[in-house]
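Contents: one structure, followed by commentary.
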Amino acid sequence: MADSLLKIENLKVEVEDNEILHGISLDIHPGETHVLMGLNGAGKSTLGNTIMGNPSYHVTGGDIIFKGKSILGETPDKRARMGIFLSFQNPIEVPGVTLSSFIRSALEQKTGERVMPYAFRKKLRPMMQVLQMDESYAQRDLNVGFSGGEKKKAEILQMLMLEPDFAILDETDSGLDVDAVRVVSRGVEEFQKNSGRSLLIITHSTKILESLKVDYTHVLIDGKIVATGDASLVDRINEKGFEQFLK
């Protein structure tokens, strides 16, 4: 089996002196899709933010190893350049910066090279079509006046354009209607077509998973992973809920 892309070893995390994660371990290989499920407040978003290097989350034990190297000392922008992407649960608005300019700048930061406008537009257009986004959104200020669904589509668009090795989708389906979830899922499927890319999908619902290939499912309860299985674990959760994992 290929070496781990991301390895989390006995990770303990505090927020404002309150320990949220109590020894999390995960091993994600290239091409795998892992799902992290659990009730609200279980610590799912804490894990995503910690992997991305959010300074509000303090690692007090364990390690995060990406591509064979500990990244605990790396800043969020360095982790992004290394190939990690986090889709935010509540994307922020950025007045004065268009969606197109934001993505193009991020690409240049990642590659260290200038991205030519024609080549950029040629790549952007079909990705927007996958997500059923009107091309006019590319010239609108990032997330300003966007509906909840359009904000989530813009996040997936960034992921498709940046082509990270490892993407974390944090509650991407929350607040979306059935049609919007279906479109976002289509974007995630497009990302999965590259066999070397890996995903960690954080959710407390199963709507976004219905059409996706899932390799492993993990259940997080009170800051600890209490169950791990394949895609069939999602069916168990749908049938019996999270109560079956509560002691």
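The values are calculated or read from the model by the stated rules, or taken from the named source; none is laboratory data. All values reported here derive from a predicted model rather than from experimental measurement. Counting neighbours? That spans all protein chains shown, and the Cβs are built from the backbone with ideal geometry, glycine included. Remember, those area values only see protein heavy atoms, side chains included, never the ligands or the DNA or RNA. Shrake-Rupley method; radii C 1.70, N 1.55, O 1.52, S 1.80 Å.
Listed values, structure above:
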read-out	value
Cross-link partners of residue 224 among aspartates and glutamates (Cα-Cα below 12 Å; sequence separation of 8 or more within a chain)	19
Zone residues, the stretch 134-153, relative to residue 109, backbone N less than 18 Å from point 7 Å out along Cα-to-Cβ	141-144
Total charge dipole magnitude, the chain, about the Cα centre, Cβ charges on Lys, Arg, Asp, Glu only, Debye to nearest 20	760 debye
Listed residue pairs exceeding 29 Å between alpha carbons, taken from 44/193; 152/213; 78/207	78/207
Note, ³J(HN,Hα) from phi for the stretch 11-20, Karplus 6.51, -1.76, 1.60, rounded to Hz, x at Gly and Pro	6, 10, 9, 10, 10, 6, 6, 10, 6, 9
Most to least packed among 110-120, 74-84 [average Cβ atoms within 10 Å]	74-84, 110-120
Note, ³J(HN,Hα) from phi for the stretch 76-85, Karplus 6.51, -1.76, 1.60, rounded to Hz, x at Gly and Pro	x, 5, 5, 5, 5, 5, 6, x, 10, 10
Share antiparallel - DSSP beta bridges, the chain, percent rounded to 5	55 percent
Label-point gap, in nm, between residue 123 and residue 228 - each point 7 angstrom along Cα→Cβ	3.4 nm
Nearest-20 debye value, the stretch 40-81 charge dipole, Cβ charges on Lys, Arg, Asp, Glu	160 debye
Farthest toward positive dipole pole in the stretch 1-158 [+1 Lys/Arg, -1 Asp/Glu at C-beta], among 61, 39, 132	132
Whole-Hz ³J(HN,Hα) from phi, Karplus 6.51 cos²θ - 1.76 cosθ + 1.60, for the stretch 163-177, glycine and proline x	6, x, 6, 9, 10, 10, 10, 9, 6, 4, 8, 5, x, 9, 7
Alpha-carbon Rg/Rh ratio, for the stretch 165-233, with Rh computed the Kirkwood way	0.96
Dipole magnitude of the stretch 1-118, debye to nearest 20 (Cβ charges: Lys/Arg +1, Asp/Glu -1, about Cα centre)	440 debye
Amide H contacts of residue 168 (H built 1.01 Å from N, under 5 Å, at least 5 apart or other chain)	85, 86, 87, 200
Listed residues 58, 22 arranged by accessible area, highest first, probe 1.4 Å	58, 22
Chain lengthening between residue 40 and residue 90 when straightened (0.36 nm per residue, less Cα-Cα)	16.5 nm
Residues with amide H under 5 Å from that of residue 12, placed H, sequence gap 5 or more	23, 24, 60, 61, 62
